[in-house]
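Report on the following structure.
The values are calculated or read from the model by the stated rules, or taken from the named source; none is laboratory data. Every value quoted in this text rests on a predicted model; they were computed, and no experiment measured them. As a convention, Cβ positions derive from the backbone with ideal geometry for all residues, glycine included, and neighbour counts pool all protein chains shown. Each accessible area value is taken on the protein alone, full model and side chains, heavy atoms only, with ligands, DNA and RNA left out. Shrake-Rupley method; radii C 1.70, N 1.55, O 1.52, S 1.80 Å.
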Amino acid sequence: MRRNILPILGLFLAATVSAQETYENARIATEDLNGTARYVGMGGAMDALGADLSTIGSNPAGIGLFRHSQAKVSFGFVSQSGASGFANADKTNLSFDQAGFVYAHRSGRKSFINFAFNYHKSTNFNQILSASNGLTGASQNKLSHLKRASGLFRVEYGGEDYVGNNNMFNSIDYIYYNGLLVSHDAEGGATLDSYYEATGYMFNRANGGYIGEYDFNISGNINDRLYLGLTVGIHDVNYNGYGEYAENLVAPDGTPIGGVTIADDRIISGTGFNVKMGVIFRPVENSPFRVGLSVSTPTWYDLTTSNYTTLFNDAEPGEWDSYTSKESYDFKLYTPWKFGLSLGTTIGNKFAIGASYDYADYGNLDSRINDGGGYDYYGGYYETSSSDRAMNEHTERTLKGVSTVKVGMEYKPDAALALRLGYNYVSPIYNKNGFKDFTVDSPGTYYSSSTDYTNWKSTNRITCGVGYTVNKFSIDLAYQYSVQNGDFHPFTDFGTPGSPVAERNIGTVSDVDFKRHQLLLTLGYAF
């Protein structure tokens, strides 16, 4: 049996519209706990307490509590525990996390108008994910075979390569049908009925990059009781990931015959912007108790994603074949609205206590297809887009509303020294039974270059910190530990366990976790 190995060509050269897939979108839409060391040390529970530069992005009214101008810069280390090295990715990385200032201007005896700018790394993509397990009667290439055999798509020979006829035929199907699944008989005729099962899989992926957020704020207070703030944020997306998925294949009689490896490079870049509004008020005039409310518009992202995916095929002794797919396309992604409620108070000059609750319904993520454009009256180019209804329906079934609870406290044994503790609980973004649906009739399905997905569970973060002030200078140190568990699936199941072996493809789920340590240092100056 000889496989047909063909020249490298683009997967879908005629395509100009595109959208992204639910699991990739979720990676872009979510955020970490990051900012100044004081903010992180208190678990981010400062949305009602205010007077910290990091509240510019969580409750803009917090900037209105400043009475003096200030500048701060933060950096440190982020380290992943329990991970094995892969693709030269470092488990520990230096991170530049925040830089900003606030200018406080007195507008009355008890009133201020403040202006602020702050940069912070809202998402750090650095992660090494590894999973391995056995397989019985299943494989990644068998999934591609069963998709075609069941009529989800047709494979046609276009003169130079084998291509599918609809969106359910993705990059993985493309390279398998050109690099493994198409066989020739002695007379040169082609058959599409062959596939190999696997005894096990091994997966590794190293993610890198970040989302940087640049926030511009105007805020103030009225009679030291009502605080208002408005922030405009610009997001800069820089994501890169490299993964390898390998299987040990067997012949129909169970004899080992080698294996295949899928190597996948993906880059996502682009920009987005949003608007955040907030209010803090003291309901009792002579009490320091404060209530905060905040709302953030969707972040409107304009993104470009590209992949370079290669099949390395060693399924027959003495042969090593490869086939490659590479694509690049533009799409838009609109995140959901986000709402926040926070409480905070101080006790004398010794204690500050804060708590907050945030909610965003990620089932409302809007994947959008770029479908046209033109030039306006002034000669500038504009681009139009429309919602990808099929992918959005899948997103609604797969993702759900996320609640974030933050609590924290600060204790000052003297005026110069501060000790801090904090805790976060973030509910799962994925439905327990969510899956990457290869039957979604969407360009996001068509351009997918991996079959794996992970349903991550809740996130728990524990933080602590210490701060010291000398005259106009301050130094703060924070530590954060976060942990998240998840269920890794090598591919989406086809059929049910009760189906005949030739008609089912059931993957083995692996338990994975993501444990991260962060050490953060902030230097500040008041002026």
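A few notes on this one:
- Calculated FRET value between ASP236 and THR261, using beta carbons and R₀ = 30 Å, to 0.05: 0.35
- Percent accessible area from carbon and sulfur atoms, the chain, protein chains only, probe 1.4 Å: 57 percent
- Each residue of the range 267-281 was assigned a 3J(HN,Hα) from its phi angle through the Karplus expression (A = 6.51, B = -1.76, C = 1.60, θ = phi - 60°), giving 10, 10, 9, x, 9, x, 8, 8, 10, 10, 10, x, 9, 10, 9 Hz with x at Gly and Pro.
- Take the Cα of LEU519, step 7 Å toward its Cβ, do the same at ARG67, and the gap between the two points is 3.5 nm.
- For the set LEU417, LEU519, the ranking by accessible area, highest first and with no ligand, DNA or RNA atoms included, is LEU519, LEU417 under a 1.4 Å probe.
- Average accessible surface area per residue within the chain, 1.4 Å rolling probe, Å²: 42 Å²
- Placing a label point 7 Å from the Cα of ASN431 along the Cα-to-Cβ line, the residues of the range 445-460 whose backbone N sits under 15 Å from it are 455-456.
- Solvent-accessible surface ranking, highest first, for GLU156, GLU396 at 1.4 angstrom: GLU396, GLU156
- Among the trypsin sites (Lys or Arg not before Pro) in the range 141-231, those located in a DSSP loop and surrounded by at most 13 other Cβ atoms within 10 Å of their own Cβ are ARG154.
- Across the range 416-527, C-alpha contacts under 8 Å between residues 6 or more apart give a mean separation that, scaled by the residue count, equals a relative contact order of 27 percent.
- By definition, a body whose alpha carbon gyration tensor gives a ≥ b ≥ c is prolate when a/c is 1.5 or more and a/b is larger than b/c, and the range 64-199 fits this prolate description.
- At R0 = 56 Å, FRET efficiency that the Cβ-Cβ distance of TYR214 and THR136 yields, to 0.05: 0.65
- Local electrostatic count, GLY507, Cβ distance below 13 Å [Lys/Arg +1, Asp/Glu -1]: -2
- Counted by Cβ distance under 10 Å from VAL402, the other residues give a net charge of 0, where Lys and Arg count +1 and Asp and Glu count -1.
- 5 Å binning of all Cα-Cα separations within the range 328-392, expressed as whole percents from 0 upward: 4, 12, 14, 12, 11, 10, 9, 7, 7, 6, 6, 3, 0
- The label-point distance for ALA416 and ASN460, in a model that sets each label 7 Å from Cα toward Cβ, rounds to 3.8 nm.
- Relative contact order %, the range 244-398, counting alpha carbon pairs below 8 Å whose residues are six or more apart: 17 percent
- Within the range 265-355, GluC sites (Glu not before Pro) in DSSP loop having at most 14 other beta-carbon neighbours inside 10 Å: GLU285, GLU319
- Applying 0.36 nm per residue to the separation of ALA502 and PHE281 and subtracting their alpha-carbon distance, the gain on full extension is 73.0 nm.
- Ranking SER499, TYR176, PHE473 by how far each Cα lies toward the positive end of the dipole of the chain (charges on Cβ) leaves PHE473 at the top.
- Sequence of TRP337, TRP456 when ordered by accessible area, the most exposed leading, probe 1.4 angstrom: TRP337, TRP456
- Rounded, prolate or oblate (a/c below 1.5 giving rounded, otherwise prolate when a/b exceeds b/c) for the range 70-121 by Cα gyration tensor: prolate
- Over 34 Å [Cα-Cα, the chain], rounded percent: 44 percent
- Gyration tensor verdict on the range 261-383 (Cα atoms; rounded if a/c is under 1.5, prolate if a/b is larger than b/c, oblate otherwise): oblate
- Net charge over other residues, Cβ less than 15 angstrom from the Cβ of LEU521 (K, R count +1; D, E count -1): +2
- Viscosity 1.002 mPa s, 20 °C: Kirkwood-radius Stokes-Einstein D of the range 377-433 over Cα pairs, µm²/s: 129 µm²/s
- Summed over qualifying helices (DSSP H, 4 residues or more, each -39500 (n - 2.57)) and divided by its residue number, the chain shows a 222 nm mean residue ellipticity of -2500 deg cm²/dmol.
- Cα lying deepest toward the dipole's positive end in the chain, options GLY372, SER54, TYR23, charges on Cβ: SER54
- Spacing of the two label points (7 Å from each Cα toward its C-beta) at ARG154 and ASP511, in nm: 4.8 nm
- Nearest-0.05 FRET efficiency for ASN88 and SER403, computed from C-beta distance (R0 56 Å): 0.90
- Comparing the range 412-527 with the 2.2 N^0.38 Å rule of thumb, its C-alpha radius of gyration ratio is 1.74 (two decimals).
- Simple point charges give the picture: +1 on the Cβ of Lys and Arg, -1 on the Cβ of Asp and Glu, and for the range 329-457 a dipole about the Cα centre of about 780 debye.
- Rounded accessible area of ILE353 (nearest 10 Å², 1.4 Å probe): 70 Å²
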